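Asker: Take this structure first; my questions come after.
What follows draws every value from the coordinates through simple rules; no lab data is involved. Quick caveat: nothing in here was measured; it's all calculated off a predicted structure. Reconstructed Cβ throughout: ideal geometry from the backbone, glycine too, with neighbour counts over all protein chains shown.
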Amino acid sequence: MKVCRVVGIVLVLAAIAYVIWPGDFDSKGLVGYVDDFMVFMAAFTFAHGSFQRPERRYIRRQLYMLSSLFALLGLCWIILLAFIK
């Protein structure tokens with residue numbers, strides 16, 4: 001469980017770095033910020049799930065599933081923005 005907490009913190013810090021990074025797809029207006037939101041929420045929900053108490057397995061599983069969903073949507077959105085000109 002300690003490894004998941006460290007990974008969660010590293011993912012949140014990496015997501016914050018991705019939001020700040022100037023080489024992002026943010027030049028496309030408001031649509032460009034959706035990938036930042038998805039990446040940050042994926043990292044945040046994973047970190048939040050890893051800090052749940054051990055007796056809250058159901059909540060932890062739901063947060064991990066939500067994190068996976070945000071990661072998948074964020075990846076799809078980044079691919080979409082990469083091909084839009």
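Asker: Projected onto the charge dipole of the chain (+1 at Lys/Arg Cβ, -1 at Asp/Glu Cβ, origin at the Cα centre), which of M41, I16, Q52 gives the Cα projection farthest towards the positive end?
Answerer: Q52
Asker: Could you run the Debye sum over the Cα atoms of the chain, one equal point scatterer each and no solvent, and tell me log10 of I(q)/I(0) at q = 0.10, 0.14 Å⁻¹, two decimals?
Answerer: Computed log10 I(q)/I(0) values: -0.27, -0.50.
Asker: Dipole size in debye (nearest 20) for the chain around its Cα centre, Lys and Arg Cβ +1, Asp and Glu Cβ -1?
Answerer: Result for the chain is approximately 500 debye, rounded to the nearest 20.
Asker: Taking the Cβ of G74 as the centre, find all other residues whose Cβ is under 9 Å away and add up their charges (Lys, Arg: +1; Asp, Glu: -1).
Answerer: Every neighbour counted, the sum reads -2.
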